[in-house]
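S.K.: A single structure is presented below for examination.
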Amino acid sequence: MLATILLGLTAQTATLEADSAKAGMTCARAHYAMTSVSIPTGKDRFAWSGRMGLYTIIAMEPGRAPDGLMMRLSARAVETAQSLPDTEAAAQLLPQCERRFARPARPTLPANALDRDFMCFGVLNFFAGMLRRWEDPGDPDIAATEAARLAFQGRLRGERIVPAGYRDMRTIQAKTSREIAASAALGDPFAIATACRALL
């Protein structure tokens, strides 16, 4: 009887870590694990990718050496699909993730135009990469996200960014990384991408 009670208590104790990066990784893995129960379709793919993107950015410690965030996302994002919790634990964790990492649905983008364009380009680039997992290039919303990414890339022309100190790939990538890191406090990538697309 005691063993049964203890087993029942254990099954209800899936909780997030106090450390934000560890909690972000746990949330990303829980979010991913639930696709075994229900694979998002249609518009839900964008909301799913937005939350997954936010948890992944948080897991990569955006406040630590933000200049290198893009490199960490590229090198370690695969970790979010490893060591997945079972669906019961994931279902317990996801409401905690939503509360812990709640973000506005309509984020306020940076007031500085160059900061804003770097953020939009960086987040759209990251988000467009996430959407490619659905292998549906004919989807008009996915195509519009890619078009927006290219539009903001076009805004970051040399005659505009070189005088601001972004003279080579290293400084451009560092600036883009810092803006992606900053975006994590404003909204998830879907919300940021939506706000950026509204500017075009």
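Read-outs throughout are calculated quantities, based only on the coordinates presented, and are distinct from any laboratory measurement. Here the structure is a predicted model, which means the values were calculated and not measured. Ideal geometry is used to build each Cβ from the backbone, glycine not excepted, and the neighbour counts take in all protein chains shown.
S.K.: Using only Cα atoms, what is the ratio of the radius of gyration of region 16-169 to 2.2 N^0.38 Å?
M.R.: Compared with the compact-globule rule of thumb, region 16-169 sits at 1.12.
S.K.: Compute the FRET efficiency between E98 and R64 as 1/(1 + (r/R0)^6), taking r as their Cβ-Cβ distance and R0 = 22 Å, and round to the nearest 0.05.
M.R.: 0.35
S.K.: Report the equivalent ellipsoid semi-axes for region 22-91 in whole Å, largest first, defined as the square roots of five times the eigenvalues of the gyration tensor built from alpha carbon atoms.
M.R.: Output for region 22-91: semi-axes of 22, 14, 9 Å.
S.K.: Let me check I have the definition right: for region 15-56, take the eigenvalues of the Cα gyration tensor, multiply each by 5, take square roots. What are those semi-axes in whole Å, largest first?
M.R.: 21, 11, 5
S.K.: I need the phi-derived Karplus couplings for region 148-157: 6.51 cos²θ - 1.76 cosθ + 1.60, θ = phi - 60°, integer Hz, Gly and Pro marked x.
M.R.: Ordered by residue, 3J(HN,Hα) equals 5, 4, 5, 5, 6, 4, x, 6, 8, 6 Hz.
S.K.: Please provide three numbers in whole Å: the alpha-carbon extents of region 53-137 along the principal axes, with the largest listed first.
M.R.: Dimensions of region 53-137 along the principal axes of its Cα atoms: 45, 32, 27 Å.
S.K.: Right, something else. Would you kindly state the longest site-free stretch of the chain, with sites defined as GluC sites (Glu not before Pro) in a DSSP loop (not H, G, I, E, B) surrounded by at most 16 other Cβ atoms within 10 Å?
M.R.: 18-134
S.K.: Just grab the label-to-label distance for A111 and E79, each label 7 Å out from Cα along the Cβ direction, in nm (one decimal).
M.R.: Output for this residue pair reads 3.7 nm.
S.K.: For the chain, give the magnitude of the charge dipole about the Cα centre (Cβ charges: +1 Lys/Arg, -1 Asp/Glu; no others), in debye to the nearest 20.
M.R.: So the dipole magnitude of the chain works out to roughly 540 debye.
S.K.: If I take the Cα coordinates of region 109-175 and project them onto the principal axes, what are the three extents in Å, biggest first?
M.R.: 39, 24, 18
S.K.: Suppose we look only past 20 Å in the calculated P(r) of region 78-200. What percent of the Cα-Cα pairs does that tail hold?
M.R.: Roughly 51 percent, rounded to a whole number.
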